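S.K.: Have a look at this one before I ask anything.
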Amino acid sequence: MTQAISQEKTILESLKKLTPQQQQEVLDFIEFLHSKSQKIETPPPEKKTNICL
C-alpha cells in the first residue's frame with residue numbers, strides 16, 4: 001500500500017511540472033489505457049445463428 005501511495009505522489013509531482021498541453025496528453029494516454037483494458041476484459045458477444053427447421 002505504501003508503494004502505491006509513493007507512486008501516486010511521484011506521478012502527481014511529475015504531472016504538475018508539465019505544461020497544460022502535456023498534462024492533456026497524459027490524460028489522453030490514461031483514457032487510452034482504460035479503454036484498452038476494457039476491450040480486453042469484455043469478451044466479444046457470441047455469434048448467434050438462426051437455424052430454420
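The values are calculated or read from the model by the stated rules, or taken from the named source; none is laboratory data. Note that the structure is predicted; figures quoted are calculated from it, not measured. Counting neighbours? That spans all protein chains shown, and the Cβs are built from the backbone with ideal geometry, glycine included.
S.K.: Are there any pairs with C-beta distances below 9 angstrom linking a residue in region 17-41 that is outside any helix (DSSP H, G or I) to a residue that is at pLDDT 95 or above and aliphatic (A, V, I, L, M), with the two at least 6 apart or on different chains, and if so which?
M.R.: LEU18/VAL26
S.K.: What are the residues in region 14-35 that are under 8 Å from the mean Cα position of the chain (by Cα) and not small (Gly, Ala, Ser), if any?
M.R.: The answer is PHE29, ILE30, GLU31, PHE32, LEU33, HIS34.
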